[in-house]
C-alpha cells in the first residue's frame, strides 16, 4: 500500500499522463514440461496477488501500452500478447477505491475512478524468461494454476476468462510455436495440449487430428535414446502455421 | 452534421453523463435466405455511412450500454450482442475531431477527445427486426456486404474484424439457433454457413461434420412438397447447443 505522499505523487502524475477510466491487465501463462503456471505480483506484507497491469498514456496505441506495461511490471519483453476481453463491471475496482478513499480528496484521487480494463494474454515457456517485480511489488512469481492464491479485484475472473479463451483457441488456432523445441515428438506436443486442457487425450485421435491440420512437417529422423520405440520428430510448417493463425485451421469449413 | 447550438448541447450533456474516452460500436449482421447484410446508419446529405454506436453512462455496465445504444440508434431490441475487440488507434476518431474542431473550444468539445471503441457483434434474421433511424440519422438500412458503401472513421476495419470473428467462430461454436426455423433441412443449414463464409461447401463433408458436433436432433419427418427426394428435418438439441456455446464443440480436444 502506498503512503499518502507516494499516493499523491502517483495520482498527480497519472492525471497528467494517462487516459482516465481505462486500464490494461495481462495474463501470462507459463508452460514447461507438463506444468502450466500464471505470472502474478504481490506487495510485501499483503496476502492478495494481482495480475501485471497499468494505464495507457494519452496518445499511446493500446497494443504498445500492453507491451510496455508488461515489461515495466514484470521485466518480460517481446512477448506476443493477444487482446481477449474488456471487463467493465462498474464496481470492479471498488477495492482500490476503498483502499485509498480516505487519503486524498476524490478529485485528486486517481483510484476513486471507475476503470474498464482490457485483458491481454500470452503463453510462454517459463524457463525462457526471467520475471522481476517492479517498484510497487515485492514479488513477481509463477503461480500454479491448480493452487492459486487469493487475487485482488476481479483478477480471478480475468484469469479464468483468459484460460477459457486459451482452451477454446486450441480448437481453431495452432499453438506451441514458441513453446516447443524446433523438433519435437507427437507425445511432447500432446503433453502441451493436455497440460493446458488439464485432461488426458487419446493418443491416436490427437495424432490424426493434429496431422489433419497440415501444420506439421514430419522429419526422416527419429528421437533416439529412450526406453521405448524411437518416436518420429516433427517441426511446424511455418507457412501453414501462420495461415492457420489468421484464418483458422484447414479442415474447418 | 450538427449545428453549433446542437453540438454545444450534445457536448454539455455528454461530459455530464458519459465516461470520456470510451465508446461502443455494434456490427449487426442480418441473414435471410442466402443473403448476408450489415446494419448501417447515414446522416442526410452525407455520403459516408457508420455503424450504430454511442457512449457509456458513467455507472453503466458495458453489456447494458451495448444493448441500450443499439436500441437507441436502430430500434433493435433484445439482440444477443457479443463483445469481440477494442479498437484503440490514437488517431481513429480524427475525422470527428476535424469535423467539429472549429465550432467549440477544445475543453468544451467532446469530439476532440481520443475514443477507444469496444466492438460488439450480432447475427439476426433481418426479416425478424424492423430497424429505424434515430434523431441523428436519416437512414438505417441493411447494406449488402459485397457492395458496401464508404464508411466513416475506422468503421470499415471494425466491420471486417467482426466478419473475420464470425467466420472463425463457425469453427468452434454453434450458430443458427435464432436464424433457422424450429425444424430445418441440412441444405438449409449449409446455406447459412455458405452465406457467412461466402463460399460453397461440400455437401457430404458438411453433413458429416455437423452431425459429429452432436448439436442436432434428427426428426422422423421429412420435408415434403419439393421437386427432389424429401430431405430429413433437423432441430437443434438445445442442451448440447448451449454446452457447445460455452465450451466449444465436442469432438474438440
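Summary of values
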item: On Cα atoms only, tilt of B:186-197 relative to the major axis of chain B in degrees; result: 30 degrees
item: Alpha carbon Rg of segment B:25-64, scaled by the compact-globule rule 2.2 N^0.38 Å; result: 1.56
item: Largest to smallest principal axis extent of the C-alpha atoms in segment A:186-247, angstrom; result: 40, 30, 16
item: Spatial extent of segment B:1-85: Rg and Dmax, with the Cα atoms as the point set, Å; result: 14.6, 45
item: Chain A: projected area of the alpha-carbon convex hull, averaged over directions, in nm²; result: 15.8 nm²
item: Highest-fluctuation residue, B:33, B:194, B:239 considered, GNM on chain B with Cα pairs under 10 Å; result: B:239
item: Distance between segment B:132-183 and segment B:189-222 - C-alpha centres, whole angstrom; result: 22 Å
item: Cα-derived Rg over Rh, computed across segment B:98-138 with Rh taken as Kirkwood radius; result: 1.17
item: Shielding of B:18-27 by partner chains, average beta-carbon count, 10 Å; result: 3
item: Whole-number D in µm²/s for the protein assembly as shown (Stokes-Einstein; Kirkwood sum over Cα pairs; 10 °C, 1.306 mPa s); result: 62 µm²/s
item: Fraction of beta bridges assigned by DSSP in the protein assembly as shown that are antiparallel (%, nearest 5); result: 70 percent
item: Helical mean residue ellipticity (222 nm; -39500 (n - 2.57) per DSSP H run of 4+; nearest 500) of chain A; result: -10000 deg cm²/dmol
item: Cβ nearest the rotation axis (B onto A), residue from chain B and distance to the nearest whole Å; result: B:172, 2
item: Relative contact order %, chain A, counting alpha carbon pairs below 8 Å whose residues are six or more apart; result: 21 percent
item: Degrees separating the helix B:62-74 axis from the principal Cα axis of chain B, which is the longest one; result: 80 degrees
item: Computed over segment A:109-253, Kirkwood Rh from alpha-carbon pairs, angstrom; result: 18.1 Å
item: Euclidean distance of C-alpha centroids, segment A:12-39 and segment B:19-39, integer Å; result: 30 Å
item: Helix A:155-169 vs. chain A, principal-axis angle (Cα, 0 to 90°, nearest 10); result: 20 degrees
item: Position residue B:13, label points 7 Å along Cα→Cβ, spacing to each other copy in nm (shortest first, one decimal); result: 4.1
item: Relative contact order (percent, whole number), segment B:186-247, Cα cutoff 8 Å, 6+ residue spacing; result: 28 percent
item: GNM top mover of B:191, B:94, B:199 - chain B, alpha-carbon springs below 10 Å; result: B:199
item: Beta bridge orientation in segment B:4-169: antiparallel %, DSSP, nearest 5; result: 65 percent
item: Copies compared at residue B:218 - label distances in nm, ascending, label defined 7 Å from Cα in the Cβ direction; result: 3.3
item: Position residue B:239, label points 7 Å along Cα→Cβ, spacing to each other copy in nm (shortest first, one decimal); result: 4.8
item: Kirkwood hydrodynamic radius (C-alpha pairs) into Stokes-Einstein, segment B:65-186, 25 °C and 0.890 mPa s, D in µm²/s; result: 145 µm²/s
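Here, each number is a calculation from the coordinates, and none is a lab measurement. Everything quoted here is computed from the prediction, not taken from an experiment. All Cβ positions, even for glycine, are placed from backbone atoms using ideal geometry, and neighbour counts span all protein chains on display.
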